[in-house]
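Report on the following structure.
The values are calculated or read from the model by the stated rules, or taken from the named source; none is laboratory data. On a predicted model such as this, the values are computed, not experimentally measured, just so you know. Cβ placement follows ideal geometry from the backbone for every residue including glycine, while neighbour counts extend to all protein chains displayed. Surface areas here come from the heavy atoms of the whole protein model, side chains and all, with no ligands, DNA or RNA. Shrake-Rupley method; radii C 1.70, N 1.55, O 1.52, S 1.80 Å.
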Amino acid sequence: MLSSAGGSPPVRGGVRSVTASVALARARAEYARLQEEESAHAASSPFAARADSPSAGERARARRRPSGGLSDAAVEKVRRARALSSQLRTTEHDSDSAPSADVALTLDQRVARSERGSSPARAGARARAGAAADARARAAEQGAHVLAAPALPSLLHSAPPTAMAWQQMLNGRQRSSSVLAEDADTAARGEASRAASTRPSLWEVLSYRLDLFLSREQSKYVMLVAMIGVGLALGTLLLLPLVISGEAGSPPIPLPTALPAALWLAWTFMADTGAHADELHDASAWARLVGALVSALGILLGATVVALIVEAVHEKVASLSAGSLRVPESGHVCIFGWSARAVPLIIELCEANASAGGGVIVVVAESRTKRQMEEEAAFAQRRGDDGLRGTRVLFRHGSPHLLPTLHAVRAHAAKAIVVLSDPTIGANAADAHTLRTVLALRTLADPPRGHVVAEVNMIDTEPALQLIGGNLVEPVVVDVLVGRLLVVCAQNPGLSACYEALLGFSGDELYFKAWPQLDGKTFGHALRAFPDAVPVGVKRAAPPPAVADQRGSDEQHADAAGQRSNTDARARAAAALAEPSQLVLNPPDDYVLQPGDELLVIAEDDNSYELPSGALAEALPAHVPQPRKAAPQQPQQLLIVGWRRDLPAMLQNLAEIVAAGSVAHVFGEVPYDVREQACTDLDAPPLVDGQQQLGRLTVAHHVGSCMHRRHLLRLPVESMDTILILADEGATSGEALQSDSRCLATLLLCWDVATQARADGPVARAAHLAQLRTGARHRRSASNLAEVAALGARFAPKASQAEQQILCEVLDFRTRDILGQDASIVSRFDFLLSNAILSKVLAMVAEERAIKHVLLQMLQPGGSEMLVRPFVEFEAELRPLSASLSFWDLSAFMRGRGDILVGIKRSREPPVLNPKDKRAPLHLMQSDSVVVFSPAHDE
């Protein structure tokens, strides 16, 4: 490598000279050898031995052989040797006259010397000059190799080029060497100019230092004080001579006393820019000029101070708007994340805090700014001034995964923390974010005082969440909760409205409370003990010893057997969540309440019911308990429009509660391969030619668009007992309204297709299906239509729409507000607000974590469940008491059948749970229904 600091070996000229000298020596030796061969051949020529002169032909051939009798090959070698000798002489002369690398190094040394001035960047310039010299040296070496590329053996043993070709080649190489030298000099000059241009100036250095200073947090305040100090000092120095000489409107003052006077006068002139006109009106022109300068300095300083103050205020307001301030609260509720369930959750928590006079809710989200959350949660203006019910809602922007954010909202001091799932990143990624948030909460220096309600999408995430959070976390699995809720509500008309009324804090809800006065009493006495509440279950203080021993034995056997399949894991998780030994819904009347047992009741609020004195003396009416004779189930035909990732699990739950021979049609745009993969992931039976067999239920899968009437005409919509329309899974708050619009359009289209099919009659309908099978383009479509006709042949069309149960899932609560204005639609169809119900569950679990176990036990197949029973089933038995039938009377009658009466649902009206006056006559009609808690039963 070359360096500009010292000498360097010759590169261009030296390499070329050595190469040319070696090649010239070899060429001369070869030329001498060829000359000797030519002389020897001439001595043995036949012309030398003959005495007579050659003939004319021989003389002509000799003239064509200029070497005197040499062969053609020898002649060619001679020509090539002579041409090569001429070329090498020219090359040697050119190499001796070419500039060497020393000349280039001299240029680099001059550049380095020019950089050795007073510039602080001379070391960098020297390094750049050295790099340029290295680059030129490498270029020179490449040029030397290019010039010496034709080796001597290849020239001697290949076809010789012509003289013109040799001249062109040599001229090109000479031009190449001169171009390389010029490029090296140009590069040296450019490098020197770039080194000079990149050297920072004094102004750039000062600007850089000022930028570093302003990047500090307290820089503006320091600059403000510094500018005021500098301005006062400069004004004092300008006015000090005037004060000493007495030209400032006062007698001459000595220096020690004049300094404070000049400082005060400078402050007066700078603070009040017109004060110099009054103070110096009789002074000299010089004094007036100095006063004007100090006043101008005050104007400049005042403008700068105002600008700094405005910027500081703007930054403070922006910081407040961004929601980055700390929250000095305790006993509040934290909500981490934002989704379509955030606003309903806030509303429910405000309702829960209303009885206590209000509370504090802190919402932290990373995907939304503070202003965006405030705009989306502008429900207070819609509901009026009392929309928050005295609760203060604070919004903060930040990541709940980070400890500084958790410290800023004082998560450790919250009474409950709700972690919402993010629907915009997928189910698995959202569960991973939830796990990280819980892990961050576990790593807090101060452990959280309250419990964490974590919303998860996949049931497989629940064991990992329990492993990380332990007793701190209470997971709520969306797939399990919403999926089971859709299944049970699709089987019981009107049940979705009952769940909506039971969950949440806007009406009557579930509460746990221990009553020592009832210790030792039976549950039958407790049923009539509360005039303002309805007991529905008991939470035991501790499991019985036999049950606990049996549970431990089962766990040991399960561990020994090594059951690790997904199905067993889900079964164990569901059993652990339900806690059957701790929670008993609809216990028998002879169950004796033990000390520490808590009674589960349906009441308006936790302080709205009391145990009146003398209530225990009142016993139940003398009704003989009659075993309930459940009507035998009939096979059903169901239509499920749409798709969910947990639909295979929903179908398995449905297969446990329907009668044998039932058929479910799954219709949607999701292709078959996606459905098969979902069945594989959830350990469900595979699809065989588009069908599944799930015990008592046969599932037929169809692919098509629910918005196309022709696709729906392929299905016997008019013969369906139940039609379930699913919303778009994972829809965000902005996509919820679009999903609801699609669901409503599908509902109306199904209704129209069924109405038209009933009007046309079965004959026309059969002919239309046959026409569709004939016109099917694909063989699979034709066979699918044939299978549909075969499966639907066992089910007769419904006589009217009243015989069909149509349940539509709705995501946005504003859609329900619009539908609630049309009584005909609400009375004809059922709507399930999945997001609103899930928000209510999260709010209730945040207030009382045992509510989750109650709800899961109500939704578990074979467990105690809430049902809506038509009153016409009991009208004949209750006809003698129909005029004066009260809630207490009907409760005693239903208790004799094993049910607990909790409310009344009249036709075209929302259900009423826990009526206020339980002694007033009900005056029920045949179209009315009763809401009961049914006991657990074995399938």
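Which residues does a label at Ala541 reach in the range 833-853, if reach means a backbone N under 16 Å from a point 7 Å past the Cα toward the Cβ?
none
Ranked highest first by the average count of other Cβ atoms within 10 Å around their residues, in what order do 206-212, 510-516, 266-272, 225-231 fall?
266-272, 510-516, 225-231, 206-212
Could you check the spin-label model distance between Ser201 and Val592? Points 7 Å from the Cα along Cα→Cβ, value in nm.
10.0
How high is the FRET efficiency between Leu210 and Thr273 when r is their beta carbon distance and R₀ equals 30 Å, given to the nearest 0.05?
0.65
Over the Cα atoms of the range 436-503, how large are the radius of gyration and the largest Cα-Cα distance (Dmax), in Å?
15.8, 51
For Arg714, tell me the accessible area in Å² from a 1.4 Å probe, rounded to the nearest 10.
Ignoring ligands and nucleic acids, Arg714 comes out at about 80 Å².
Pull out the extension gain between Ala883 and Gln926, defined as 0.36 nm times the separation in residues minus the alpha carbon to alpha carbon distance; nm, one decimal.
Numbers: separation 43, 0.36 × 43 = 15.48 nm, distance 1.35 nm.
So the extension gain works out to 14.1 nm.
Tally Lys and Arg at +1 and Asp and Glu at -1 over the other residues with C-beta under 9 Å from the C-beta of His401: what net charge comes out?
Local charge sum for His401: 0.
What three numbers, in Å, describe the spread of the alpha carbons of the range 258-341 along their principal axes, ordered from the longest?
Taking max minus min along each principal axis of the Cα atoms, the range 258-341 gives 78, 25, 17 Å.
Just to verify a number: FRET efficiency for Leu259 and Gln218, C-beta to C-beta distance, R0 = 25 Å, to 0.05? Show your work: numbers first, answer last.
Details: r = 30 Å, r/R0 = 1.21.
So the FRET efficiency works out to roughly 0.25.
Taking K and R as +1 and D and E as -1, what net charge do the other residues with C-beta under 12 Å from the C-beta of Ser891 add up to?
+3
If you count, for each residue, the other Cβ atoms within 10 Å and average over each peptide, how do 642-650, 824-832, 753-761, 456-464 line up from highest to lowest? Each step should come with its number before you reach the end.
Values: 642-650: 22.4, 824-832: 17.8, 753-761: 15.7, 456-464: 20.0.
The packing order, highest mean first, is 642-650, 456-464, 824-832, 753-761.
Write down, largest first, the equivalent ellipsoid semi-axes of the range 220-310 in whole Å, where each equals the square root of 5 times an eigenvalue of the alpha-carbon gyration tensor.
Ellipsoid half-lengths, sorted descending, are 25, 14, 8 Å.
If packing is taken as the mean number of other Cβ atoms within 10 Å per residue, what is the order of 901-907, 839-845, highest first?
Descending mean neighbour count gives 839-845, 901-907.
For the range 812-890, just list the percent of Cα-Cα distances falling in each 10 Å bin from zero outward, please.
14, 26, 31, 27, 4
Local charge sum around Thr268 (other residues, Cβ-Cβ under 13 Å, Lys/Arg +1, Asp/Glu -1)?
Charge balance in the 13 Å sphere: -3.
Holding the Cα-Cα limit at 30 Å, pick out from Lys220/Lys415; Lys852/Lys916; Lys521/Lys852; Lys220/Lys370 the pairs that are longer than that.
Values: Lys220/Lys415 40 Å; Lys852/Lys916 27 Å; Lys521/Lys852 27 Å; Lys220/Lys370 26 Å.
Those over the limit are Lys220/Lys415.
Could you tell me what fraction of 2.2 N^0.38 Å the Cα radius of gyration of the range 297-336 comes to, as a two-decimal ratio?
Taking N as the residue count of the range 297-336, the ratio is 1.94.
If the range 501-542 were replaced by its equivalent ellipsoid, with semi-axes equal to the square roots of 5 times the Cα gyration tensor eigenvalues, what would those be, largest first, whole Å?
That gives 21, 13, 8 Å for the three semi-axes.
Just the Cα atoms of the range 398-530: what Rg and Dmax do they give in Å?
Spelled out, the Cα radius of gyration and Dmax of the range 398-530 are 19.0, 54 Å.
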